[in-house]
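The values are calculated or read from the model by the stated rules, or taken from the named source; none is laboratory data. Worth saying up front: this structure is predicted, and the values here are computed from it rather than measured. To get the accessible areas, we keep the full protein, side chains included, count just its heavy atoms, and leave off ligands, DNA and RNA. Shrake-Rupley method; radii C 1.70, N 1.55, O 1.52, S 1.80 Å.
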Amino acid sequence: MAVNGQDLLRMVASGQAGPWWLSGLRAACRAGAALYGAGAWLDRLAHERGGKKRLRLPGPLIGVGNLAVGGAGKTPLTLEIVRRLTRLGAPAAVMSRGYGRRSTAGVSWVWREGRLLADAHEAGDEPVLLARRLGVPVAVGADRHAVGLALLAHCPDCVLVADDLFQHHRLHRDLDIVALDASDPLGGGFVLPRGLLREPPTALARADALVLTKVAGPEQIERATRLVEPYLRPGAPLLACAYRVDSFCGPHGQTVAATQLRGRKAAAFCGLARPESFVRTLEGLGLGIAAFTTFADHHFFTADELRAVWRAAEKAGAQMIVCTEKDRARLIDQPPMTGPPLYSTVLDVDFGDDSPRLDVLLRGGLEQWAVAR
């Protein structure tokens, strides 16, 4: 059986038994992890000690980051934070580096003045998803400082919300929030390439708040809390949220309640870091999965690949085809016009009892910026 790069990384990080060559690969990866960790430490130290200039934007900036690669759930969390800021009376805009984009433009606008201005090829799938769901200014670029200045020139009173900033030491944040997958909050405990961590767990002490994402129940919260509390900065809150799917986006863009599709036979496809979680979600909604096709995370689907998905669906007798909202943003080549209709999940966030604490956290970040002006 062929093993892709993502699967191999998770095999190495898991610590579980495997093929005869896996123990040797893990030993080599431990040496690589030492070098990777040293490089990350030196980069952070250079910014903290003034060797590299740290920039500050002329507006409040909230960073949403992660500690482990792949699947921490930053995008739904970013979406919820922007919605909360709007309800608190603070208009927001989204800035991103646009992971996976093929454009090399300095600053690319994704959404401005009520219009979508870029597709996933130009901007990356996550910024396009956020732009469609939120309808707020969204811009991407490798130089996050330049992106922030462009957004603030367009909407001077906006609060900037940026994804993937925790390891970006060049730019000052007024509030640093880190998303941790509740099922594996410390990514196996090792940095890349031995584990899934971009930095050692001790880096969590820099965060202003931690959010356990994709929580499956109170027992999982308790276990994850025990793991991360030793690294939590004194006074920094630890929040938890569940991700839920209550509706789908239908073939014509219409909203369809998840209850309306219960019992249907579906073929699914996705390009995610953790595709198995997508299947569990669909099965939990009462769909019968007749066929499932996986691709690499952030994969751009070709017309031939989409035709193959549709053929597999028809062969399995599926009544519908399902992908994630993020996958749908990457459907640059249109899917076949005939065959089962395409639906995509609409992911929302539920903070439950922690909902008021999230509002308090965001207000505190804005107050901190006002004091520092």
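Please report the carbon-and-sulfur percent of the accessible area for segment 270-343; probe 1.4 Å, protein heavy atoms only, DNA, RNA and ligands left out.
Carbon and sulfur together cover 51 percent of it.
Using a 1.4 Å probe over the heavy atoms of the protein chains, calculate the carbon and sulfur portion of the accessible area of segment 119-264 as a whole percent.
With neighbouring chains kept in place, the figure for segment 119-264 is 53 percent.
From the backbone phi of segment 286-302, what are the Karplus-calculated ³J(HN,Hα) couplings (6.51 cos²θ - 1.76 cosθ + 1.60, θ = phi - 60°) in whole Hz, Gly and Pro given as x?
Computed from phi, the couplings for segment 286-302 are x, 8, x, 8, 8, 7, 9, 10, 10, 10, 5, 4, 6, 5, 8, 7, 8 Hz.
Kirkwood hydrodynamic radius, computed over distinct alpha-carbon pairs, for segment 172-239: how many Å, to one decimal?
Computed over segment 172-239, the radius equals 12.3 Å.
Using only the alpha-carbon atoms of segment 165-206, report the extent along each of the three principal axes, biggest first, to the nearest angstrom.
30, 21, 14
Which value, to two decimals, describes the C-alpha radius of gyration of segment 122-228 once divided by 2.2 N^0.38 Å?
1.25
Averaged over every viewing direction, what's the projected area of the C-alpha convex hull for segment 57-159? Give it in nm², one decimal, please.
6.2
How much area per residue is accessible in segment 78-233 when the probe is 1.4 Å and only protein heavy atoms are counted (Å²)?
With all protein chains present, segment 78-233 gives 37 Å² per residue.
Show Lys74, Lys265 ordered by accessible area, largest first, where the area counts protein heavy atoms only and the probe is 1.4 Å.
Per-residue accessible area, sorted high to low, gives Lys265, Lys74.
Please give the length that would be gained between Thr225 and Arg115 if that part of the chain were fully extended, namely 0.36 nm times their separation in residues minus their C-alpha to C-alpha distance (nm, one decimal).
35.4 nm
Could you give the radius of gyration (one decimal) and Dmax (whole number) of the Cα atoms in segment 145-288, in Å?
Using the Cα atoms of segment 145-288, the pair Rg, Dmax is 18.9, 50 Å.
Please work out the Cα convex hull volume for segment 269-362 and give it in Å³ per residue.
Dividing the Cα hull volume of segment 269-362 by its residue count gives 118 Å³.
Beyond 20 Å, what share of the Cα-Cα pairs of segment 209-322 remains, rounded to the nearest whole percent?
56
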